[in-house]
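Student: My questions will all concern the structure given below.
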Amino acid sequence: MVEFMYLHPAMNFLAHAYLAGSNPGLIVGNMLADSVNKALYEQLPPNIRAGVNHHRQIDLFTDTHPLIRSSRKIFFPHIRHYAAVIVDVIFDHYLAKNWNEYHPQSLHEFEQSIYTLLDQYAAYFSEKYAFMYSRMKAHRWLYNYQYYEYIQQTIRNLSHRSPDFKSAEITLQVFETNYSLLEKNFVIFFDALCRSYKMNPKLSVK
């Protein structure tokens, strides 16, 4: 049984962790990037800054990709700007669901390796990120992305976190109706993303 005691704001953490390869600094930078402002960025070690930059390049590629845009359009008439948030969440769901096709480690092992690594870099966490990370780790967000029920509850909880999001049920209906199409979009898009931005450990910044 998956627990839903606390659910996160939607971000594609799993994809960023995967695309960072095996370099610790790149992984940490990718995981922290959304909470890093200019002042904090300048205080980070070069290898973590490289991870932040990598994360931002991935986001730019994602936001401008035709399949991402078409996937967001499926939801846009119903939820407007929240379509980007929802597609981020469900694409991480497809990655987790099909994890064995992408990575030799089990999802459980990969998740634990990410938490173990991040624990070592807690000194670089902002207060907001530290709180969010404590919930991520306690409730195993990365692992639980694979469960359809988890994604359903994540979408429902978005209405509690964002009072102007009042369309959880229609969002879930659209997601269910278009589940196979969205998964096809993910597979094609993620292949292109991996070819462009998945880090080769031999080339990654030390």
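Student: Can you tell me how many residues within region 68-82 are surrounded by 18 or more Cβ atoms within 10 Å (Cβ to Cβ), modelled with pLDDT of 95 or more and under 18 Å from the mean Cα position of the chain (by Cα)?
Tutor: Qualifying residue count, region 68-82: 3.
Student: What number of residues within region 14-34 satisfy the criterion of being assigned to a helix (DSSP H, G or I) and hydroxyl-bearing (Ser, Thr, Tyr)? Can you show your working first?
Tutor: Taking region 14-34 first, the residues assigned to a helix (DSSP H, G or I) are 14-19, 24-34.
Checking the rest, the ones that are also hydroxyl-bearing (Ser, Thr, Tyr) come to 18.
Going through region 14-34 one residue at a time, the tally reaches 1.
Student: Here's something else I'd like to know. What are the residue pairs meeting all of these: first residue in region 39-51, first residue over 18 Å from Ala17 (Cα atoms) and assigned to a helix (DSSP H, G or I), second residue among the charged types (D, E, K, R) and modelled with pLDDT of 95 or more, Cβ atoms under 8 Å, and 6 or more apart or on different chains?
Tutor: Tyr41/Arg49
Student: I need the full set of residues from region 97-130 which are of a type in the set (Lys, Arg) and under 14 Å from Leu14 (Cβ atoms), in order please. Can you show your working first?
Tutor: Step one: filter region 97-130 for residues of a type in the set (Lys, Arg), giving 97, 128.
The answer is Lys97, and nothing else.
Student: Pick out the one residue from Ile155, Ile188, Ile151 that is of a type in the set (A, V, I, L, M, F, W, C) and at pLDDT 95 or above.
Tutor: Working: Ile155 fails: at pLDDT 95 or above; Ile151 fails: at pLDDT 95 or above.
Exactly one of Ile155, Ile188, Ile151 is of a type in the set (A, V, I, L, M, F, W, C) and at pLDDT 95 or above, namely Ile188.
The values are calculated or read from the model by the stated rules, or taken from the named source; none is laboratory data. Not measured: the values here are computed from a predicted model. Heads up, the Cβs are rebuilt from the backbone with ideal geometry, glycines too, and the neighbour counts pull from every protein chain shown.
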